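Data block below; observations after.
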Amino acid sequence: MYKVWFTAGTVVAASLMLSGCEGLRDAFSAQADVVASAEGKELSTDRMVTLMNTVRTGRVTPEGAEYMAGLWVDLTLFSDAYVRGTLTGDSAEVTRVMWPQLNQARLNTWHERMSASWPEATEAGADSVYDEGTNRLFQHILILPAGIDPQDTVNARRKAEGILAQIRAGRDFGPFTAENNDATKDDNGFLTVGPRGMWVPAFELIAWGLEPGQISDVVETQFGFHIIRRTPKDEARERFLEFYGNRISAVEDSTYLATLSERHGLEVQPGLPQTVKDIIDDREKFRRSSKKLVAFSDGGFTAGDFVRWLEAFPPNAAYQIIAQPDSVLESFVTSLAQNDLVLAQADSAGVWLDPAEWQAMQLSHRATVDQLAAALELTDSMFSDTSIPIEARLDSASVKVDELMDRLVTGETQFRPLPASLSSLLRERGARYRVNRAGLTRVLELYSAAFTADSAAAAAAAPGPIQPAPGPAPVPGGQPPTP
């Protein structure tokens, strides 16, 4: 639950052709001179190319260029709002900016309330799951070779065999797991309770043949040398109790969501996977879109809703999302739509944050705004001095944006970008902004040409194959070069 005119056109085109191509070319050229604009400020192609050429961490990709243009827009919108004093920190603003965290907290609260009436996991139930044998619990000791030489492998096996001999002689299994080179080293070598198929075949073939409490011989896998123990019921009970509780919760969650979806007539709309890809390719186009991805009998989950949900994921998640098969994309977006239905139920039940949680959200938002203002050096009193004309203050703030962009591309300063939800708030408030794709295309052309020219110049300046110097060797007793 919480864990997407034909005739008129021809006439216009003919008219443009009759009037000459120069006007049309000039129009497109003018568009390509600007990469982005925001609140009356512009990021020119020349300025963008200069920024990209200053980046010290390697060649800038097209995605990197688009990110830089978007960052400039965000910083410009933020500086404009900060200087104008429109970032007030009121409840509506905090709710909008902190909505990923806020909604997660509300989903958790609602889940806790719902789960209070679900069947309780008991020890008897956990023992029953253990006895079924479908899911099992193992511990392991893992010894890795010290290197890649054959002798390293021989030494690792000998070490594992030595440990096994000590265990068979009565030593406790647990202390040896401290040498494990995986997450189990801090948990006595315990793996996760689970069914067949969770482990590599070489491990599983041996592990699944063990009786409760039995210890294997040394088992070799691509990860190293293992000694495996199947945990007896008494020692496994607590972990099986947690596993059983999670299984109950998963079944109840699934039933609840299925019932909720049926009640609201949830239905995936045709073409959803392609629409998701279109949204990720140009989310600004869909930010306010009411196009339904998933329909409800009383509404639906729209492209605009999906854009907002993208704020809850890391920036690179979008590229991972579009790489998934269509069936996975449909399931993913359906789960987001179900989340919206659950949140609507939580709203109806009056589920909200307690005062301490809400205060923490407010403080977090305020801290983010203050940190961004400090990074942009907007905390000087002149930016809040109303005796100075607002346009003069905004122009000074624009200079600060340019200065920060310069420091960022040269690596002179570290910076945490605006949270996606804050960026969205600024863009949703009727702000004037645009990222111009024609300008971006032109920037990439200029940057690529400059990059190629610089590479060619560097190659031309580089020394060729080393040639012997004329004359005798410079060191007494040395031999002259062989012709």
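The values are calculated or read from the model by the stated rules, or taken from the named source; none is laboratory data. In this text, all values refer to a predicted model and were calculated from it rather than measured experimentally. As a convention, Cβ positions derive from the backbone with ideal geometry for all residues, glycine included, and neighbour counts pool all protein chains shown.
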#### Entry: In segment 428-447, the residues that are part of a helix (DSSP H, G or I) and at pLDDT 90 or above
Ala438, Gly439, Leu440, Thr441, Arg442, Val443, Leu444, Glu445, Leu446, Tyr447
### Task
Kindly indicate which of Arg287, Arg308, Arg283 is touching a Gly at 6+ places or on another chain (Cβ under 8 Å), over 29 Å from Trp118 (Cβ atoms) and either surrounded by fewer than 18 Cβ atoms within 10 Å (Cβ to Cβ) or not acidic (Asp, Glu) (or both).
Arg287
#### Entry: In segment 173-208, residue surrounded by the fewest Cβ atoms within 10 Å (Cβ to Cβ) [restricted to those that are of a type in the set (Phe, Trp, Tyr) and under 15 Å from Arg230 (Cα atoms)]
Trp208
### Task
Consider only pairs whose beta carbons are under 8 Å apart and that are at least six residues apart or on different chains; among these, list those whose first residue lies in segment 395-406 and is closer than 15 Å to Ala36 by Cβ and whose second residue is hydrophobic (A, V, I, L, M, F, W, C).
Val401/Trp72; Val401/Leu75; Val401/Leu376; Met405/Leu51; Met405/Met68; Met405/Leu71; Met405/Trp72; Met405/Leu75
#### Entry: Selection from segment 209-251 of residues that are surrounded by fewer than 14 Cβ atoms within 10 Å (Cβ to Cβ) and under 21 Å from Glu132 (Cβ atoms)
Gly209, Glu211, Gly213, Gln214, Asp234, Glu238, Glu242, Asn246, Ala250, Val251
### Task
Give the residue that is farthest from Thr302 (Cα to Cα), with candidates limited to residues of segment 327-340 that are surrounded by fewer than 21 Cβ atoms within 10 Å (Cβ to Cβ) and among the hydrophobic types (A, V, I, L, M, F, W, C).
Val328
### Query
How about segment 284-394: which helices (runs of 4 or more DSSP H) wholly inside it have at least 3 residues that are in contact with a Leu (Cβ under 9 Å, 6 or more places away or on another chain), on the phi < 0 side of the Ramachandran plot and among the acidic types (Asp, Glu)?
none
### Query
With respect to Asp395, is the statement that it is farther than 27 Å from Arg283 by Cβ, surrounded by 10 or more Cβ atoms within 10 Å (Cβ to Cβ), among the acidic types (Asp, Glu) and at pLDDT below 90 true?
no
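Do you know which residues across segment 387-407 are acidic (Asp, Glu) and farther than 15 Å from Glu42 by Cβ?
Glu391, Glu403, Asp406, listed by residue number.
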### Query
Quick check, is Leu310 in the same structural domain as Trp110 (by TED's automatic domain parsing), hydrophobic (A, V, I, L, M, F, W, C) and within 14 Å of Thr95 (Cβ to Cβ)?
no
### Task
Working only within segment 96-137, note down all residues that are crowded, with 19+ Cβ neighbours inside 10 Å and of a type in the set (Ser, Thr, Tyr).
Tyr130
